[in-house]
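One structure is given here, and the rest of the page talks about it.
The values are calculated or read from the model by the stated rules, or taken from the named source; none is laboratory data. The structure presented is a predicted model; accordingly, all values stated were derived computationally and were not measured. Note: ideal-geometry Cβ built from the backbone for every residue, glycine included; neighbour counts use all protein chains shown. The protein model used for the area step is the full one, side chains on, heavy atoms only, and it has no ligands, DNA or RNA in it. Shrake-Rupley method; radii C 1.70, N 1.55, O 1.52, S 1.80 Å.
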Amino acid sequence: MSASSPEAAPDAATDHILGHALENVLDVRGLTVEFATEAGWITVVEDVSFGVRRGETLAIVGESGSGKSVTSLACMGLLPPAGRVGPGGSVSLNGVELLSQRRRTLEDIRGDRIAMIFQEPMTSLDPAFRVGDQIAEVVRRHRRVSRRAARARAAEVLDLVGIPRARERVRDYPHEFSGGMRQRVMIAMALSCEPDVVIADEPTTALDVTIQAQVLDLLRSLRDELGMGLVVITHDLGVVADIADRVMVMYAGQAVETGLVDDLFGAPRHPYTEGLLRSMPTAEVRGTRLASIPGQPPPPSRFGDGCRFAPRCPYAIDECRSGALVLRRVANDHEARCVRTDEIVLGGVS
Ligand SMILES: Nc1ncnc2c1ncn2[C@@H]1O[C@H](COP(=O)(O)OP(=O)(O)OP(=O)(O)O)[C@@H](O)[C@H]1O
Ligand SMILES: [Mg+2]
């Protein structure tokens, strides 16, 4: 195979920029999100880049407030009125730039080519309407089909996500479903038009462990069956290990480490990732007291210069506290934002 053939291993310096961007069904580059506050605009998400391919799961993980939901809402064009996307960013879906689309066009794309599953099902289910009608409405919004065909589609997707007696249950109201079943209804709604990408924000947090595993299994099998790109947002590394191929670790509005799950779990390159891994309950340590990372992340108003994790980092030196820190390639398909990454040896999990 010649070096110029498209199948050849891409040049190390360009693989991230070219190779992945072209294959990614969703490709986000340099995304920055700002919110209007009394003190002016503050940046809550800064220069975030990631991509997901068809049939692949990317997990976005990080503590509360790290910017996971804001990142996904920005991708969907669903930021609240006080928020805006900063200049220079790009969110492209199947090669189509979303950030420059008119509101109407975006509404056509949303729910059709890209869909979101929210953490709290009742935020997207209306308690006053039958679930079948709500799903049928999504279908009719995007497809020219009769009311009857849309209702049939609703029953079909409810069946697809494993709701027993789906043809009868289309007539039920959201409150007539249990928490786990309601989450399935949400997934059914997101899948009703067979989108290319689904973003699931903490899809299982509200559920008990057994149901959580069932919902993750369901997402995984639907991803494979429909060939979707799946983005799962979670603070739970157990969920990451369970479902994801790649992971982006966020801290204080920035990506601090990205890589394949096995690489990142086995040999983390950022001290924050090591801290997260240490606080993860594993089979061996379950029941014992977990190490947690002491301290709190800074609020966006106090992000400042230097490494944002430095105040909590056991490896921090003076050099960490000043200057701009870049997310830099540390190995093939593996990036970290740490000036000491080459001199410290961090512990992973197998
Ligand atoms: N409407 C808003 N106005 C101002 N700041 C906001 C607004 N919404 C979110 N933020 C800020 O943006 C930052 C990121 O919030 P985000 O909800 O994305 O965090 P998260 O990682 O999803 O956390 P969690 O795990 O708790 O869901 C936080 O500092 C939050 O306070
Ligand atoms: Mg969130």
Step through the residues of the stretch 186-197 one at a time and calculate ³J(HN,Hα) from phi using the Karplus curve (6.51 cos²θ - 1.76 cosθ + 1.60, θ = phi - 60°), rounding each to whole Hz and writing x for Gly and Pro.
4, 5, 4, 5, 5, 8, 4, 9, 6, x, 7, 9
In the stretch 292-345, which GluC sites (Glu not before Pro) fall in coil by DSSP and have 16 or fewer other Cβ atoms within 10 Å?
Glu343
Selected from Val185, Ser279, Val249, residue furthest toward positive end of dipole (the chain; charges at beta carbon)
Val185
Where is the GNM fluctuation largest for the chain (alpha-carbon springs, 10 angstrom cutoff): Ala310, Ala244, Ala128?
Ala128
Rounded percent of accessible protein surface that carbon and sulfur make up, the chain, 1.4 Å probe:
51 percent
Stretched out fully, how many nm does the piece from Glu120 to Arg329 gain, at 0.36 nm a residue minus the Cα gap?
71.6 nm
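Answer rounded, prolate or oblate for the stretch 197-338, using the Cα gyration tensor with square roots of eigenvalues a ≥ b ≥ c: rounded when a/c is under 1.5, else prolate when a/b is larger than b/c, else oblate.
Working: a/c = 1.98, a/b = 1.56, b/c = 1.27.
It comes out prolate by the Cα gyration axes.
Keeping all protein chains in place, calculate the accessible area per residue for the stretch 15-244 (probe 1.4 angstrom), answer in Å². Mind showing how you got there, number by number?
Values: 10460 Å² over 230 residues.
Each residue of the stretch 15-244 exposes 45 Å² on average to a 1.4 Å probe.
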Quickly estimate the mean residue ellipticity at 222 nm for the chain, helices only: each DSSP H run with n ≥ 4 gives -39500 (n - 2.57), and the total goes over all residues, rounded to 500.
-8000 deg cm²/dmol
How much length would be gained if the chain were fully extended between Ala39 and Phe129, taking 0.36 nm per residue of separation minus their Cα-Cα distance, in nm to one decimal?
28.2 nm
May I ask you to derive the FRET efficiency for Ile317 and Gln296 from their Cβ-Cβ distance with R0 = 22 Å, giving the value to the nearest 0.05?
0.55
Suppose each label sits 7 Å from its Cα in the direction of the beta carbon; what would the Asp208-Ala241 distance come out to in nanometres?
2.3 nm
Let's test this: bin the Cα-Cα distances of the stretch 15-244 at 10 Å from zero up to the farthest pair and state each bin's percent.
8, 32, 36, 20, 4, 0
The stretch 59-180: Cα Rg divided by the 2.2 N^0.38 Å rule of thumb
1.23
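Take the Cβ-Cβ distance between Val345 and Leu260 as r, set R0 to 22 Å, and report the resulting FRET efficiency rounded to the nearest 0.05.
Values: r = 19 Å, r/R0 = 0.88.
Between Val345 and Leu260 the formula returns 0.70.
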Tell me, in nm to one decimal, what length is gained between Leu226 and Ala149 on full extension, where the rule is 0.36 nm per residue of separation less the Cα-Cα distance?
25.7 nm
Using only the alpha carbons of the stretch 260-350, what is the convex hull's orientation-averaged projected area in square nanometres?
6.6 nm²
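Please identify every one of the trypsin sites (Lys or Arg not before Pro) in the stretch 92-149 that sits in a loop by DSSP and has no more than 16 other beta carbons within 10 Å of its own beta carbon. Don't jump to the answer; show the numbers that get you there.
Values: sites: Arg102, Arg103, Arg104, Arg110, Arg113, Arg130, Arg140, Arg141, Arg143, Arg144, Arg147, Arg148; in loops: Arg102, Arg113, Arg130, Arg143, Arg144.
Answer by residue number: Arg102, Arg143, Arg144.
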What ³J(HN,Hα) values, in whole Hz, does the Karplus curve 6.51 cos²θ - 1.76 cosθ + 1.60 give for the stretch 92-101 when θ = phi - 60°, with x put for Gly and Pro?
10, 10, 6, x, 9, 6, 8, 5, 9, 6
For a quick check: with amide H placed at 1.01 Å from N, whose amide H comes under 5 Å from Ile60's, ignoring anything fewer than 5 positions away on the same chain?
Val232, Ile233, Thr234, Met248
